[in-house]
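> Before we start, here is the structure in question, set down as structure tokens.
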Amino acid sequence: MKISIKLFLFCLLLSCSSNISKFKLCAGKKRPYYYPTLEYKGDFYEIKRHFLNNYKTVQLPNNNGIVKIIFHINCKGETGNFSIDTYSLDYKKIPINKEIIKQLLYLAKGLKDWIPARNEEGENINSHKFFAFKIIKGDLIDILPK
């Protein structure tokens, strides 16, 4: 069991570090910011469908709470710089099952149809996004923001 946890952490770190080395924010653009013009092809319906159709229930300990995944989208619509926070249902920091986190991160990285945000001049710009996943008894119940 200890070996599989170490292997998982190693793979997660390797995956994250390779993502960081490949992902670049667009030079000369403002730092990532939340822009309401950031869109996804197929809108939120497609994002929700992606997660609900691919997420598998995890029936292990520590499987209730909220997993928040934050990431950047550059001016080309590429994603990177993922970070994760986990909370109880009353928003206190807690650990959540690693299998749930691994699965949600993998699915978030699989979203490839981002339409970059645009500034007031109509130029594609860097931005950021977050999703908060409500998990009850290992089931994915809700995804925010909608």
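> So which residues in the range 110-122 are over 20 Å from Lys48 (Cα atoms) and either out of contact with any strand residue (DSSP E or B) (no Cβ under 8 Å at 6 or more places or on another chain) or part of a helix (DSSP H, G or I) (or both), if there are any at all?
Glu120, Glu121, Gly122
> With the structure loaded, tell me whether Lys129 is within 16 Å of Gly65 (Cα to Cα), among the basic types (Lys, Arg), part of a strand (DSSP E or B) and in contact with a strand residue (DSSP E or B) (Cβ under 9 Å, 6 or more places away or on another chain) or whether it fails that test.
no
> Does Ala132 count as under 12 Å from the mean Cα position of the chain (by Cα), touching a residue at least 40 places away in the same chain (Cβ under 8 Å) and within 22 Å of Leu60 (Cβ to Cβ)?
Answer is yes for this residue.
> To continue, here is another question. Is it fair to say Thr37 is touching a strand residue (DSSP E or B) at 6+ places or on another chain (Cβ under 8 Å), assigned to a loop (DSSP other than H, G, I, E, B) and either on the phi < 0 side of the Ramachandran plot or hydrophobic (A, V, I, L, M, F, W, C) (or both)?
yes
> Okay, moving on. Just checking, how many residues over the range 18-30 are surrounded by 10 or more Cβ atoms within 10 Å (Cβ to Cβ) and either at pLDDT 70 or above or not hydrophobic (A, V, I, L, M, F, W, C) (or both)?
Number of matching residues: 8.
> Looking for whichever is in contact (Cβ under 8 Å) with a residue 24 or more places away in the chain, over 25 Å from Gly28 (Cβ atoms) and of a type in the set (Ser, Thr, Tyr) here; the options are Tyr45, Tyr91, Tyr87, Tyr106. Which one fits?
Tyr91 is the lone residue from the list that is in contact (Cβ under 8 Å) with a residue 24 or more places away in the chain, over 25 Å from Gly28 (Cβ atoms) and of a type in the set (Ser, Thr, Tyr).
> Would the range 88-109 turn up any residue that is out of contact with any helix residue (DSSP H, G or I) (no Cβ under 8 Å at 6 or more places or on another chain), small (Gly, Ala, Ser) and in a strand (DSSP E or B)?
no
> Do we have any residue at all in the range 42-59 that's out of contact with any helix residue (DSSP H, G or I) (no Cβ under 9 Å at 6 or more places or on another chain), among the basic types (Lys, Arg), more than 13 Å from Ala132 (Cβ to Cβ) and not in a helix (DSSP H, G or I)?
Checked the range 42-59: no residue is out of contact with any helix residue (DSSP H, G or I) (no Cβ under 9 Å at 6 or more places or on another chain), among the basic types (Lys, Arg), more than 13 Å from Ala132 (Cβ to Cβ) and not in a helix (DSSP H, G or I).
> Please give the number of the condition Val67 fails out of (1) in a loop (DSSP other than H, G, I, E, B); (2) in contact (Cβ under 8 Å) with a residue 60 or more places away in the chain; (3) out of contact with any Lys or Arg (no Cβ under 8 Å at 6 or more places or on another chain).
(1) is the only condition that Val67 fails.
> For the range 85-109, which residues satisfy the criterion of being closer than 20 Å to Pro32 by Cα and loosely packed, with under 15 Cβ neighbours inside 10 Å?
Answer for the range 85-109, where residues must be closer than 20 Å to Pro32 by Cα and loosely packed, with under 15 Cβ neighbours inside 10 Å: just Asp85.
> Moving to a separate point now. Can you tell me which residues in the range 46-98 are of a type in the set (A, V, I, L, M, F, W, C) and in contact with a Gly (Cβ under 9 Å, 6 or more places away or on another chain)?
If the condition is that a residue be of a type in the set (A, V, I, L, M, F, W, C) and in contact with a Gly (Cβ under 9 Å, 6 or more places away or on another chain), then Val58, Leu60, Phe71, Ile73, Leu89, Ile94, Ile96 are the ones that fit.
The values are calculated or read from the model by the stated rules, or taken from the named source; none is laboratory data. If you're wondering where the values come from, they're calculated on a predicted model, not measured in any experiment. Methodologically, a virtual Cβ is constructed for each residue, glycine included, from the backbone with ideal geometry; neighbour enumeration extends over all protein chains shown.
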